[in-house]
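Take a look at the structure set out below.
The values are calculated or read from the model by the stated rules, or taken from the named source; none is laboratory data. All of these numbers come straight from a predicted model, not from anything done at the bench. Glycine also receives a Cβ, built like all others from the backbone with ideal geometry; neighbour counts cover every protein chain displayed.
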Amino acid sequence: MANLKEIRNRISSVSSTMQITSAMKMVSAAKLKKAQDAITAMRPYADKLTELLQSLSASSDADATSKFSEQREVEKVLIVAITSNRGLAGAFNSNIIKEVTKLTSETYANKDVSYVAIGKKANDAFKKTNKVIANRSEVYDDLSFENVAAIAQDLMDRFVAGEFDKIEIVYNKFKNAATQIVMTEQFLPIVPIEGDANTNSDYIFEPTKEDIVEQLIPKSLKTQLYKGIRDSFASEHGARMTAMHKATDNATELRDQLKLTYNKARQAAITNEILEIVGGAEALNN
């Protein structure tokens, strides 16, 4: 059994760790509320934009002729891996890295695959492959639509220029604080949209439907990427809050066990001292 000093040191160490994890949990909880409100407010807009694009393109050929809809033989693939800049969030980052690795080794096994890292953890995981063409981890320093739109525009330019035949986005979709769903979405080329051609038969369009769709497609793509990063940002704080909550509970349990062990060791030491005193007294009497 460890001596009393060693146990006291361990109790002190565990208590300090518990204070840190508890503080991190509260910080993540505060950030989660803001991030959750942001993605909750954005989803209806993003869904409505997609619905509008579907409605407009259903009776036109704009999506078929768009430069962002060009279907090419897939040889060069770009995967946008969205993680966080920091760890201590459970399996949040590792799930994305595993999914991207799976896509690379299975789905695109015989393709030329490159990566765009949004988050330092993704960059750290894939930079050794020498296939990371851009590290956009700084976007979290000021997470705004304008900054994300610049990243989306770069992706669109690369696709139009023929650098890549297909672009995928991999991120964690926020469901609740304890649940994040790994999502893989095709960014480019645009998936053919199916809709009801008669949906807008009573509307007059100015300019033409085709012109409107051509303007909506870049807007929709930028919004898609922004929503993915916003989802990931909220998921990160939810995952970290959950991980720190479990860590705090585990530290509390370990501290209680150590205190029990300490009390038992202390009681045993006191008992031994009493026995030594009694034994010494008996020896003197004899």
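List of remarks:
- Among the residues making up segment 120-159, those that are over 16 Å from GLU236 (Cβ atoms), assigned to a helix (DSSP H, G or I) and of a type in the set (Gly, Ala, Ser) are ALA149, ALA150, ALA152.
- Residue satisfying all of: in segment 242-268; aliphatic (A, V, I, L, M) and surrounded by fewer than 13 Cβ atoms within 10 Å (Cβ to Cβ); modelled with the highest pLDDT among these: LEU260
- Residue count for segment 188-199 under the criterion of being within 19 Å of GLU51 (Cβ to Cβ) and either at pLDDT 85 or above or touching a helix residue (DSSP H, G or I) at 6+ places or on another chain (Cβ under 6 Å) (or both): the result is 3.
- Pair list, Cβ under 8 Å, 6 or more apart: segment 130-144 residue among the hydroxyl-bearing types (Ser, Thr, Tyr), other residue part of a strand (DSSP E or B): SER137/ALA117; SER137/ILE118
- GLN180 modelled with pLDDT of 85 or more, buried (at least 16 other Cβ atoms within 10 Å of the Cβ) and closer than 30 Å to PHE233 by Cβ: yes
- The set of residues in segment 5-32 that are among the basic types (Lys, Arg) and surrounded by fewer than 12 Cβ atoms within 10 Å (Cβ to Cβ) contains only LYS5.
- Options LYS166, LYS120, LYS173: the member that is at pLDDT 95 or above and under 24 Å from ALA46 (Cβ atoms): LYS166
- Within segment 29-45, no residue that is part of a helix (DSSP H, G or I) and β-branched (Val, Ile, Thr) sits with its Cβ atom under 7 Å from a residue that is at pLDDT below 90 and loosely packed, with under 12 Cβ neighbours inside 10 Å at 6+ positions apart or across chains.
- Members of segment 82-119 that are more than 16 Å from the chain's Cα centre (by Cα) and in a loop (DSSP other than H, G, I, E, B): TYR108, ALA109, ASN110, LYS111
- Summed over segment 232-286, the residues that are outside any helix (DSSP H, G or I) and of a type in the set (Val, Ile, Thr) give a count of 0.
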